[in-house]
Amino acid sequence: MSDPKIEKAIARVVDDAREAFGADLVSLVLYGSAAGDEFLHGRSDLNFAIVLEKTTFVHLRSLASLLPGWHRLGAASPLFVDRDFVARARDVFPMELLDIQARHRLLHGVDVFASLVVDFTALRFQLEQEARSKALRLRVLYAEAGGKKAAVRALMSDSVKSFLLLMRALLRVSGVDVPGTAVRTLDRFEEEQTLPLPALREVLHVLLDGAEWERDANETFSDYLADVDNLVGLIDRATHPRADDEAGG
């Protein structure tokens, strides 16, 4: 990230957090697109993780007073946890924690995410639960959209990154290194799984490159939903890369 305006916003959040939480502030990181190469001005949020030694009600009140100003700077509500949460939530939120680990920038304190090790069995189960939940939710939201072109397109644009998160996690379950950008992640996923996902790629092209929608919204959604169902099926069959070796040994 080299944009002076964005860097100024990040510095403001760091200064505010240091003043508000003092010695209790263990770690402050920027993660997600702003820590990589895919930040979209005016469309992407600044995502922060704030880790305290122990979170208290006083800390929560301090955060509440800071959030309106941070939101005006383009920051989303942060992940706000204590050190013990990061250590003990590895079996509950392995997908999210690994995603932060893979793409983050330390702004203050100790990098508590760099050395995280998660249980891949827990990751596999969370991955399937998230995949099935998102697929079910996608169907409900489409029905609620009533086939309206703008609403259907917004639904695809809003959901495509969540399915990329699942792809990154599945690549990790498979023991594959995950690229740093969305398009390269999709490339690697299609290559590793030998499964083309053209509708997901089409939506991603619109979202990241500002391309025009070329097809009818409902026709595109039909193919998008088929891609999502194929993704869910792959996740359902996924195993840890060491599972075959362990079964044979």
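The values are calculated or read from the model by the stated rules, or taken from the named source; none is laboratory data. As the structure is a computational prediction, the values presented were derived from the model and not from experiment. Quick reminder, even Gly has a Cβ in these numbers, built from the backbone with ideal geometry, and neighbours come from all protein chains shown. We work out accessible area using only protein heavy atoms, side chains counted, and drop any ligands, DNA or RNA first. Shrake-Rupley method; radii C 1.70, N 1.55, O 1.52, S 1.80 Å.
Brief remarks follow.
- Helices (runs of 4 or more DSSP H) within the stretch 51-159 that include 2 or more residues under 19 Å from the mean Cα position of the chain (by Cα) and among the charged types (D, E, K, R): 94-102, 120-145
- Scanning the stretch 61-76 for residues that are modelled with pLDDT under 95 and either of a type in the set (S, T, Y) or open to solvent by less than 30 Å² (accessible area, probe 1.4 Å) (or both) yields G74, A75, A76.
- Answer from A211, A217, A199 - the residue that is in contact with a His (Cβ under 7 Å, 6 or more places away or on another chain) and either surrounded by 14 or more Cβ atoms within 10 Å (Cβ to Cβ) or not charged (D, E, K, R) (or both): A211
- Residues of the stretch 206-229 that turn out to be acidic (D, E), at pLDDT below 95 and part of a loop (DSSP other than H, G, I, E, B), as a count: 2
- For the criterion of being farther than 30 Å from S222 by Cβ and touching a strand residue (DSSP E or B) at 6+ places or on another chain (Cβ under 9 Å), A114 passes.
- Pairs where the first residue, in the stretch 1-16, is under 13 Å from A34 (Cβ atoms) and the second is among the hydrophobic types (A, V, I, L, M, F, W, C) and at pLDDT below 90, C-beta under 6 Å, 6+ apart: M1/A34
- Contacts under 6 angstrom Cβ, first residue in the stretch 125-136 being open to solvent by 20 Å² or more (accessible area, probe 1.4 Å) and modelled with pLDDT of 90 or more, partner among the small types (G, A, S) and in a helix (DSSP H, G or I), 6 or more apart: K134/S162
- Residue match in the stretch 174-189 (condition: open to solvent by less than 30 Å² (accessible area, probe 1.4 Å), part of a helix (DSSP H, G or I) and farther than 25 Å from E96 by Cβ): no
- Some residue of the stretch 230-243 being farther than 22 Å from F125 by Cβ, open to solvent by 40 Å² or more (accessible area, probe 1.4 Å) and either at pLDDT below 90 or not hydrophobic (A, V, I, L, M, F, W, C) (or both): no
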